[in-house]
Each structure stands twice: as structure tokens, then as C-alpha cells.
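Shown next, in C-alpha cells, is the structure this report addresses.
Read-outs throughout are calculated quantities, based only on the coordinates presented, and are distinct from any laboratory measurement. All values reported here derive from a predicted model rather than from experimental measurement. Here the Cβ positions follow ideal geometry from the backbone for every residue, glycine too, while neighbour counts run over all protein chains shown.
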Amino acid sequence: MLRLVAVYEQSGQSQKAFCDSAGLNLSRFGYWVRKVRKEREPTAGFIKVDTGALPMHAPAVELVYPNGVKLKLHGADLQLISQLLRL
């Protein structure tokens, strides 16, 4: 099915026209087109931030994002906090 989706995307046809000419079920083919496109989307993930060795007595900073996610940082410097806020 992945190959058919690639052929369809290069054809310039509508999904209906492509399915009619190839003898495919339109709703089933539409499902595969959506699935393939979704798999191509980059996914959000975590990035590694090297903090080096931190002293145990370092003060903590807590960031609370609008979506409710809380991030507590012990001994974080301003540059690191700035990087995290830009995510």
C-alpha cells in the first residue's frame, strides 16, 4: 500500500480518480494515505541537556508551562532555563 500511496502522490490525481483508475476502495485507500502522511510527520520528543556536575545544595527552579507540565531544576543556570523556555 505504501507504494500505491507514493504513486498516487506523484500522479496529481484526486484520491477518487486514482482509486477509480486503480480499482481501489476509496475509503480504505484514504485511510492509508492519512496513515502514511501521519508517519512522515516529525514527532516531538525530549532533547538531552548536559548539565554537568551539580552541587547537591544548589537551589531549585520550578517551571510551570501553560499546559500544566511542571519542570523542577536543581542548580540550573540562566542559560539552561532560557533554552528550556524556547522549547
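Tabulated results
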| read-out | value |
| --- | --- |
| Check: the chain dipole with +1 on Lys, Arg Cβ and -1 on Asp, Glu Cβ, in debye | 380 debye |
| Tail beyond 17 Å, pair distance distribution of the chain (Cα, percent) | 64 percent |
| Positive minus negative residues near Leu26 (Lys, Arg vs Asp, Glu; Cβ under 12 Å) | +1 |
| Net charge over other residues, Cβ less than 15 angstrom from the Cβ of Tyr65 (K, R count +1; D, E count -1) | +2 |
| Point-to-point label distance, Val61-Leu4, nm (Cα→Cβ direction, 7 Å offset) | 5.4 nm |
